[in-house]
Structures are given as structure tokens and as C-alpha cells.
Amino acid sequence: MKKVVMGNHALSYGAMLARAQVIAAYPITPQTEVVGFLSELCADKLLDAKFIKVESEHSAMAASIGASAVGARTFTATSAQGLALMHEMLHWAVGARTPVVLGNINRAMGPPWTIWTDQNDSLSQRDTGLIQYYCESNQEVLDTVIQAFKVSENERVLLPAMIVLDAFVLSHTSEVVDMPDQELVDKYLPRRKATYRVDPKDPHSFGNLTGPDRYYELRYKIERSMREAEGLIKEADEEFDKLFGRKYGLIETHQIEDAETILVASATVAGTARTVVDELRAKGEKIGLVRVRVFRPFPFQEIRKAIENAHRVMVIDRNISFGHSGIFYQEVKAAMYNQPRRPPIFGYIAGLGGRDVTPETIAEIIEDAGKRDRSEEDIIWIGLKP
Amino acid sequence: MIEIRFHGRGGQGTVVASKALADALMIEGKWVQTFPEYGVERRGAPVVSFTRIDDKRIYLRCKIYQPDHVVVMDPTLMEVIDVTAGLKSGGWVIINSGKDPSFFEVPDKFRVRTFDATSVAVKYGLGSKAAPIVNMPMLAAFSKITGFVGLKALLEAVREESPIKKEENVQAAKEAFEKA
């Protein structure tokens, strides 16, 4: 059944169809509709979940960890400062190996106070060990909630997953979403069976003090699970495709086969970039697009393969690591360094704090890169006002 | 692709109108995308909302700067903002007003129509007399004048999107569709 659905409700519907058992969340603009709608679904008995009202995002994630530790399918959502307040608990969820699916609406960090989109909130959580998906459409948001539970709860993974969508550009944009059939979702994602869980009848200690003789190996295991997750994300995506006829990949490529110029983007910027690529292709230009959907685990092999033969690669970042450069740019560049073929890679910053990224913005990037032979600057700002 | 911009004031249901238009077009098999301009909504303050329509999936994700058509929910906006900013030549300007279109002195390159959605809203008790909620009758007038949406899909969308007084909204939309 098709429905016109806003991005925030796509997250809620995803949690509903996944039959989340515990939802603990604290409202924050622009995420509010996610939990508002979920609390309605719980109140109307359309979703049989325990909805826990908490006093902060830190508590939201703490409650989620507790729920996941007893084996419940657990969902939460937040944005910007809320995600930052969760930070300590994100490390905890990863270290405790408690799968939770977290929806994060990409909102720029304050101050100055802002509610509009950029990726610095979610990318600041880069090193916590969360799986990170960046979505381009509301359909993808909904589908990814369902896929993420399957991956996150897999006992070869047992890591929390974050699903990221742009504030307003997706969160408050309504578009056509094909609602997956509940029976098929149940088939795809059966009830969670947790082997390792807190159970009063079978007592164990969790998160005990761990000395230098064991901690190191536990970190190794997290990294091993992350790498394992890469394959399992693809598997989950392919199985999803068989049942629902949609798949997204770790990265999505468009017109890259013979492309001399390749744009690398994420989230909704990639959608707008695609329209520019199609226009330029129609004029005979050999240009293509890579959309990075999964940021953690970082899809090294797929990105290398996608861009190694290009003459010129432009990475568009709606984020910045102050004192360094755009974060996707750093990562793409680092992935190529040890490769025999490495095209020049240019790093563009655009759209911070919700500045609109239009086809003209993308065209400006392509034109600018066309004038450069080598990447001499680590940051190229686009649309900067004097 | 067709791009439509809605101008209204906070409390008139402008954002809901753009969503209902998207619903109706989806029912008729189109791809749609609709979103409000965020940040400044207050009751009575100018509000802008957008709808994109296409026969294929819409990838474009930015605001609409050059709409094909505009809908104006409140005639007093004509004095305070340029509702035709960026509007493509030949585009419709559909204004909620009982006055003759010539009253608004819209440049000749646009097609102008007025429709008194306020009296329809008042007749069916939508909102209050002082602050009627004109969105659904105005959307119906837009649908009829442009021919973008048929009555059946329109009424289904109006029923879906009206948070209260569903029947009154449907009747108001029906009457507006017939009159426009």
C-alpha cells in the first residue's frame, strides 16, 4: 500500500513494522514527530511496545541499553544536541554489545542555535562503534529501520545501528512510500532471540571491571563484528530485495562505468547530484555519482572499485572536522592512499546549517574541479558569502 | 516535473493543503514530494509550502525557486510579499478572494484567477468566522482550475488529511470544486 509519508513517520512506521518492543526517547526538534507518532501507535495498541518517557537523551539510551540487555527489540530517536548528550551511552551500548536501532535526524550543532540540517552531529559519533546508515529517501528510511534491526541483532554483530536522515529535507518532507506488508516483515525479521541476556533465572555479571589482559581482545572483537557487519548489511539488503523488491547497497553508484568525473555524496545531497549527473550525461559528459549509504562499517572495497578509474573525484561534505577538512573526503582519500590507482580527490564543503544545496551548487562544484589538475587545498568552500 | 508553491498564513492549513494535494496526486499514480519552508511558522505569519509532481521518481532535494504555479490562501499577502517571485511565465496565480482578478494587478505573463474560499469555509464551519480554515476549499479550486486532480482523488485526500470535521471539509471541497 502506498502512502504519502514524512521522513519522521517513516522512522516510526519502520519501528512499528519491525515490532519494536521497547521505545525510550526524549523529544527534540526536528525529531519530535518520530516519538510523538510512536507514542500514539503504542497508545492506540497498534504497536505492542513499552514506551518509556525519560528525562534526557542520556537516559533514553541508558533505558534502551537496559531493554536490549534483557533481549528486547529496542528503538530510539534523537537529533543534534540530543545525540551529543547520548554520547557516553553510545560507547556503552557498543561495549556492552546491546543492539539498539537509533534514528538520528541530522541537525547542525549549536551554538548559534539552529534546527536545520548538517552531518556534524552524527559524524561526531564516528568512533563510538555505531553502524551508520545515511538515507536519501523516506522509503529508504523505513526500509533501513527494518534492515538495521536484522543486522544489529545478528549475534555475529550485536552492535547498535544509527539511521541518519537530513533535518527537514527528509524529516519534514512527505513523499510516496510503499508500506511493506506486515506478514512479509515478520517473515524477514522474526522476533529477536537473544542468547546473551540478563536473566534472573540464569545469573551472570555484565560489564564487569576488565583488566588490560582482556580489554584489548574485546575491542578486537568489536572491530571483527563491524567488519562482519559489512557482509551482513549486504546480505540483509539482498534478502530484503527478494521479499520487497528494493535494495540500496553499501554504496549506490549511478553512471560510473565509463565516468571520468565522479561525484561522491551522501544523504539527500546525492539525490540532487544525481539530477545534475543525468543532465550532464544527456550532453555527453562522462560523469557519474557514488552515494555512500553505509558510513560505518566503511565500505573500503566498494568505494575503491567505484572510483579508482576516474580522472577526478569530488567529495561533497555537509559537515566539517575543524582544523582538518570534510569527513567523507578524509575517509575516501584515506581509502585510496595505498592503492596503485588513485585519482585526484577534491574536498568540497557545502550546505552547512541547512544552507540549500541546489543543482546550481553541484554544477559549481563540477565546474570548479574542472579547472583544477591537482587537489592542492584540503577544503574548497562552495557558496561562501563574503 | 511540475512545482507548486503555496502561500498562506499560519493557522490556515497551508501545509496540510500541500500534503493533501500530494495525497490526491499519489492516488492518481503520480510521484510527489511536499515540504514546508521551516523556521518561522507562527499563527498569522506568512507561511510557504511546496509540492513537486512528476511521472517518475523525484530525486531533486532543494527548495522550489521557480514554481510553475502559486496558490495564495490569503489575499492580504498580495500586499506584503511578492507571490510571483520566480514564477514561470504562463503560471497560474490562484488567489483566495471574492474580488475580480484584475484587482490584484498581477503581471500579464501570468494567468490569474480568484476564488472565494473564505465564504465556502465559513458556510461549512471550518475554523471560525474571524479565522476560517480555507485550505481544503482553496485546494479544490486549484485542482479544478488547473485540471491537475480529479474530484474523486481530491475528496479522498481531503478526508484523509482533515484532522477534524472530515465530512464538512469534504463537502466544502466538493462545493468549491463545482463552483471554481
With the first residue restricted to the stretch A:256-271 and required to be more than 12 Å from chain B (Cβ to nearest Cβ) and farther than 15 Å from B:Tyr59 by Cα, and the second required to be open to solvent by 30 Å² or more (accessible area, probe 1.4 Å) and not in a loop (DSSP other than H, G, I, E, B), Cβ contacts under 8 Å at 6 or more apart or on different chains are A:Glu260/A:Arg312; A:Thr261/A:Arg312; A:Thr261/A:Gly370; A:Ile262/A:Arg312
Over the stretch A:342-352, the set of residues crowded, with 19+ Cβ neighbours inside 10 Å and farther than 20 Å from A:Asp118 by Cα is A:Ile345
So, of the residues in the stretch A:1-56 that are of a type in the set (D, E, K, R) and touching a Lys or Arg at 6+ places or on another chain (Cβ under 9 Å), which turns out to be most open to solvent (accessible area, probe 1.4 Å)?
A:Asp48
If you take the residues in the stretch B:12-34 that are open to solvent by less than 40 Å² (accessible area, probe 1.4 Å) and small (Gly, Ala, Ser), which one is farthest from the other protein chains (Cβ to nearest Cβ)?
B:Gly13
Exactly one of (1) of a type outside the set (Asp, Glu); (2) without any contact (Cβ under 8 Å) to a residue 60 or more places away in the chain; (3) open to solvent by 10 Å² or more (accessible area, probe 1.4 Å) is unmet by A:Gly95. Its number?
(2)
Checked the stretch A:272-297 for anything crowded, with 20+ Cβ neighbours inside 10 Å and away from chain B (no Cβ under 14 Å); matches are A:Ile287, A:Gly288, A:Val290, A:Val292, A:Arg293, A:Val294, A:Phe295, A:Arg296, A:Pro297
Unique residue being of a type in the set (A, V, I, L, M, F, W, C), crowded, with 16+ Cβ neighbours inside 10 Å and more than 20 Å from the chain's Cα centre (by Cα) when the list is A:Ala310, A:Ala335:
A:Ala310
Enumeration of residues in the stretch A:69-80 that are out of contact with any helix residue (DSSP H, G or I) (no Cβ under 8 Å at 6 or more places or on another chain) and part of a helix (DSSP H, G or I):
A:Ala69
Within the stretch A:40-63, is there a residue that is without any contact (Cβ under 8 Å) to a residue 60 or more places away in the chain, more than 14 Å from every other protein chain (Cβ to nearest Cβ) and among the aromatic types (Phe, Trp, Tyr)?
yes
Picked from the stretch B:35-52 (must be part of a loop (DSSP other than H, G, I, E, B), in contact with a Phe, Trp or Tyr (Cβ under 8 Å, 6 or more places away or on another chain) and at negative phi), the residue nearest to the other protein chains (Cβ to nearest Cβ) is B:Tyr38
From the options A:Ile251, A:Ile327, residue that is touching a Ser or Thr at 6+ places or on another chain (Cβ under 6 Å), open to solvent by 10 Å² or more (accessible area, probe 1.4 Å) and away from chain B (no Cβ under 14 Å)
A:Ile327
Some residue of the stretch A:15-38 being more than 14 Å from every other protein chain (Cβ to nearest Cβ), among the basic types (Lys, Arg) and under 22 Å from the mean Cα position of the chain (by Cα):
yes
Taking the stretch A:353-382 on its own, how many of its residues are more than 14 Å from chain B (Cβ to nearest Cβ), of a type outside the set (Asp, Glu), in a helix (DSSP H, G or I) and open to solvent by 40 Å² or more (accessible area, probe 1.4 Å)?
1
So A:Arg73 clears everything in (1) among the basic types (Lys, Arg); (2) surrounded by fewer than 24 Cβ atoms within 10 Å (Cβ to Cβ); (3) at negative phi except one condition, right? Which one?
(2)
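The values are calculated or read from the model by the stated rules, or taken from the named source; none is laboratory data. This structure is a prediction, so every number in the text was calculated from the model and none was measured. Please note: Cβ atoms are built from the backbone with ideal geometry, for glycine as well, and neighbour counts cover all protein chains shown. Protein only, heavy atoms only, side chains kept; ligands, DNA and RNA dropped before computing areas. Shrake-Rupley method; radii C 1.70, N 1.55, O 1.52, S 1.80 Å.
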